[in-house]
Amino acid sequence: MAGADRPLSPHLQVYRLPLTALLSITHRLTGVGLALGALGLVAWLAAAAAGPAWFATAGAIMGSTLGRIVMFGFAWALFYHLSNGIRHLFWDAGFGLELGAARLSGLIVVAVSLIGAIVAVGLGCALAGGAS
């Protein structure tokens, strides 16, 4: 049916998603992650309300290596979603829609989210007395 000389459609193996597309997908995923993280926050508050034993257990879970990784991921998702949302507000106002500006603002979003998460988790660990 199809001739051998017909062009093939781009496939994920040969097509590289633009940075703005990857950031858009990441924005949606961080929104889901924040919703799941909110459930963890509710569980932590419920543990605090349930008494010292439950709160100590929740603290031990969050203080574990896996807990710290999850907390860093939640902090990063929060800062990413916030900074990318601000970027979208600028786009809604008509600023930064050019290709170069969109790429630069995307890189700024990634940098700000990483720096924000590192600072927030670092301060949290230092204030909790568990900086290591």
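Only the coordinates and a few stated rules stand behind these numbers; no lab work does. Remember, it's a predicted structure, so these values are computed and weren't measured experimentally. Reconstructed Cβ throughout: ideal geometry from the backbone, glycine too, with neighbour counts over all protein chains shown.
How about the stretch 92-114: which of its residues are among the hydrophobic types (A, V, I, L, M, F, W, C), in contact with a helix residue (DSSP H, G or I) (Cβ under 8 Å, 6 or more places away or on another chain) and in a helix (DSSP H, G or I)?
A102, L107, I108, V109, V110, V112, L114
Which ones in the stretch 80-119 are in contact with a Gly (Cβ under 9 Å, 6 or more places away or on another chain) and among the polar types (S, T, N, Q)?
S83, N84, S105
Residue by residue, here is whether (1) out of contact with any Cys (no Cβ under 6 Å at 6 or more places or on another chain); (2) free of Cβ contacts under 8 Å to residues at least 40 places away in the same chain; (3) closer than 17 Å to L19 by Cβ; (4) of a type in the set (A, V, I, L, M, F, W, C) holds:
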position	(1), (2), (3), (4)
S105	yes, yes, yes, no
I108	yes, yes, yes, yes
G116	yes, no, no, no
G124	yes, no, no, no
L127	yes, yes, no, yes
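This table checks each residue for (1) in contact with a Phe, Trp or Tyr (Cβ under 9 Å, 6 or more places away or on another chain); (2) among the polar types (S, T, N, Q).
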position	(1), (2)
L41	yes, no
A48	yes, no
W54	no, no
G67	no, no
W76	no, no
A101	yes, no
I108	no, no
S113	yes, yes
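With of a type outside the set (A, V, I, L, M, F, W, C) and more than 13 Å from H27 (Cβ to Cβ) as the only criterion, which of G94, G85, G106 stands out? If you could, list the steps in order and put the result at the bottom.
On the way: G85 fails: more than 13 Å from H27 (Cβ to Cβ); G106 fails: more than 13 Å from H27 (Cβ to Cβ).
Testing whether each residue is of a type outside the set (A, V, I, L, M, F, W, C) and more than 13 Å from H27 (Cβ to Cβ) leaves just G94.
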